[in-house]
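Beneath this line is the structure, given in structure tokens, with notes to follow.
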Amino acid sequence: MKKIKTRDRILEASLMLFNSIGEPNVTTLLISDELDISPGNLYYHFKSKGDIVGELFASYEHEMHDLLAVPEDADISLDQQSFFLHLLFETVARYRFLYQDLVNVLSRYEQLQTRFRRILKKKTSGFRTICESFRRQGIMEITDGELDALCDQLTLTACYWSSFDSLSHLEDRDSMDPGRGVYQMMYLLQPYLGPEEKEQIYLMSRDYL
């Protein structure tokens, strides 16, 4: 079995601690204690906790950019939209420390603010591409103004669902269910869909409720 490098072990332990107890409550000493390594060993790989956060954010950023590269000319189905949202919420869950304390994290690490705003714009653009595909196929009937508002609402829900859901799982954050977030996102589409598509979302929702 290949031995995991100390640098990767530090990132894995930091991500676990950040997600479990919140990034502000984690110190480099706590991380080194979790790994049973000396603080000097940790500082050899990362000079500060900010460097660890930056490395984790880069991994999150890479995953999001790959996920949000939605083909503009694709005919997307509701099933594909649901699968896309599952992948989106699974990625958010992996890096949920960012979302559960978003404003404070970005306030402390100003170098991440522009990069996160760029991801928000890509989310909105991705949702728009999907909805435009629905409209082109005749699945969705929506005006341009309604589409603007819907894409903003989808971005807002994707961004803050993790914080909302965590309020119900304060004692066990690992038990949070991304499926409920997927249902909420799909439900936002319902007013603009035809009867068959509404029924399809209803059948999907039984797995989440």
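Condition check ((1) open to solvent by less than 50 Å² (accessible area, probe 1.4 Å); (2) under 23 Å from LEU112 (Cα atoms); (3) part of a helix (DSSP H, G or I)) across all residues:
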position	(1), (2), (3)
ASP8	no, yes, yes
LEU11	yes, yes, yes
MET16	no, yes, yes
PRO24	no, yes, yes
ASN41	no, no, yes
LYS47	no, yes, no
TYR60	yes, yes, yes
VAL70	yes, no, no
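Can SER20 be described as exposed (fewer than 13 other Cβ atoms within 10 Å of the Cβ) and either closer than 23 Å to LEU102 by Cα or modelled with pLDDT under 95 (or both)?
no
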**Request:** Tell me which of these HIS86 doesn't satisfy, since it passes every other one: (1) out of contact with any helix residue (DSSP H, G or I) (no Cβ under 6 Å at 6 or more places or on another chain); (2) open to solvent by 30 Å² or more (accessible area, probe 1.4 Å); (3) part of a helix (DSSP H, G or I).
**Result:** (1)
**Prompt:** Restricting the stretch 114-137 to residues that are among the small types (Gly, Ala, Ser) and open to solvent by less than 60 Å² (accessible area, probe 1.4 Å), which is nearest to the chain's Cα centre (by Cα)?
**Reply:** GLY126
**Item:** Among (1) touching a residue at least 24 places away in the same chain (Cβ under 8 Å); (2) closer than 30 Å to ILE139 by Cα - the single one VAL105 does not satisfy
**Value:** (2)
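State all residues of the stretch 127-165 that are of a type in the set (Gly, Ala, Ser) and at pLDDT below 95; if no residue qualifies, say none.
GLY138, ALA158, SER162, SER163
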**Asked** Pick from GLN81, GLN111: which is in a helix (DSSP H, G or I) and open to solvent by 20 Å² or more (accessible area, probe 1.4 Å)?
**Response** GLN111
**Fill in**
Cβ pairs under 7 Å, 6+ apart or interchain, first in the stretch 121-135 and under 9 Å from CYS151 (Cα atoms), second assigned to a helix (DSSP H, G or I) and open to solvent by 60 Å² or more (accessible area, probe 1.4 Å), ordered by first then second residue, are THR124/ASP152
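The values are calculated or read from the model by the stated rules, or taken from the named source; none is laboratory data. Remember, it's a predicted structure, so these values are computed and weren't measured experimentally. Quick reminder, even Gly has a Cβ in these numbers, built from the backbone with ideal geometry, and neighbours come from all protein chains shown. Ligands, DNA and RNA are excluded from the accessible area calculation, which covers all protein heavy atoms including side chains. Shrake-Rupley method; radii C 1.70, N 1.55, O 1.52, S 1.80 Å.
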